[in-house]
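Okay, structure first, notes after.
None of the figures in this text is laboratory data; all of them are computed from the coordinates on show. The shown structure was predicted, so the numbers you read here are calculated from the model rather than taken from an experiment. Heads up, the Cβs are rebuilt from the backbone with ideal geometry, glycines too, and the neighbour counts pull from every protein chain shown.
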Amino acid sequence: MKNLLINSGIKLTPVISRLLAHRFVQTFLCSWLIALGAYITIPFYPVPMTLQTFVIALISLLMPFHVAIGSLTCYVTYAAIGIPVLAEGSRGITALVGPTAGYIIGFFLMSAIISLLANRYPTSGGLKRFLFTLIGGVFLFSIGLAHLSHLFGWSIAIKTGLLPFVFSEPVKFLLAAYLSVFIRSKTLKR
């Protein structure tokens, strides 16, 4: 990384070095928080209920865009190379292209939307942040359901990929929104 920056003509000052190291550590830790959220699960088929959406929403509300997306990229890479980080310990390319593939792709869009809105309106309160997560969640479930319907038809997709989450997801998003406000209030006072 250091050689890449030097060869690109970017002057690598101690401040830039520390910032890059700081962002790398944030990305790495956030990727493992997402993995931890995947292990807290209520089994459903074909889409298990986990705390991933809560963790991804919280990371997206608190971190810069590149850290939020970078942590998801790392997380999916771990799964692709065989580390059991997906819901219920799933891993590998086959898990990434199965019934939950649309949701995994949707995580990226959800995170991007939430992060862009949260960074655009950094002083927003809990209600606005909750709205950001709901907007992101609509995109997550749209992509997830579209993929499920392709595999099983719309009736089964809605029955298994949406209805079990209609009440739990807004609660997780609400908790993430207000927890992000609390964390920001404590960290900005320093």
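Less than 17 Å from a label point 7 Å out along the Cα-to-Cβ axis of Leu109: which backbone N atoms in the stretch 123-157 qualify, by residue?
Answer for the stretch 123-157: 132-151, 154, 157.
How large is the charge dipole for the chain, taken about the Cα centre, if only the Cβ atoms of Lys, Arg (+1) and Asp, Glu (-1) carry charge, to the nearest 20 debye?
In debye, rounded to 20, the chain gives about 840.
Would you count, across the chain, every pair of lysines whose alpha carbons are under 24 angstrom apart, provided the pair is eight or more residues apart or spans two chains?
Count of close lysine pairs: 6.
Given an 8 Å cut-off on Cα distances and at least 6 residues of separation, report the relative contact order of the stretch 33-164 as a percent.
Values: 189 pairs, mean separation 32.7, N = 132.
Worked out over the stretch 33-164, it gives 25 percent.
Once amide H atoms are built 1.01 Å from N in the peptide plane, which residues 5 or more positions from Met49, or in another chain, come under 5 Å H to H?
It is Ile42, Phe44, by chain and number.
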